[in-house]
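I have placed the structure first, in the form of structure tokens, so that the comments after it can refer back to it.
FYI, it's all coordinate maths here, none of it is from the lab. If you're wondering where the values come from, they're calculated on a predicted model, not measured in any experiment. All Cβ positions, even for glycine, are placed from backbone atoms using ideal geometry, and neighbour counts span all protein chains on display.
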Amino acid sequence: MRTEGNPRSSREALDFACTYAAARAGDHGARERLVRDLLPDVARFLARRTGRAVLNHLEREDLLQRTFVAFAERLARLPECRDAQDLRALVLQLAKWEIARALSDARKADPKLESVSEFARERSRSRGSVTRADDVRRLEALLARMRPTYAAVLRCRLMEEKSAEETAVELGLTLENVKKRLLRARAELERLSARWARSERGESEGE
């Protein structure tokens, strides 16, 4: 528990801030310190949350390694963390995605595999994704006309079916910023889509 005015808590917060900043800047030693501190919590999380279907396909140690590889790859793009608990929450989210990815791979290897994993249900639940080839082409064309910041959010959410939390990590934004940007991006997408439809109607009438 953090206590306001506690010198030890203040010192720990400062130590974390310095280590996190150094790790994001590429300091290998700082990154190793973060991993060492996070490792026990992530290992316990995987031990609790990894089902048999996943373990038949992938060792738990491999999941642990994948999680920290993803962490290292995304570290420079991760959002700001107030303290070690914030960072822990982010890394446990990465672990969830690795469980979901491993389960998806297992299901591809064995189509008869039935999963009750909450992560699989979360990943497979429709998020308004685009599936038809013509819709994909149309969306790609519209995204190319949008502001890059808006297009990036929509690409994550619609094309890659990422959750808002995943999008925040991927783009290095806060969850609140993702939600705000998504609202504006959807509004711009609707305007461009309406303009596209009018253009198509005009071309059809002109034939």
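Could you please report the charge total around T19, scoring K, R as +1 and D, E as -1 over all other residues with beta-carbon less than 12 angstrom from its beta-carbon?
Local charge sum for T19: -2.
For V42, what charge total do you get from the other residues with a beta carbon under 14 Å from its beta carbon, if Lys and Arg give +1 and Asp and Glu give -1?
With Lys, Arg at +1 and Asp, Glu at -1, the neighbours total +3.
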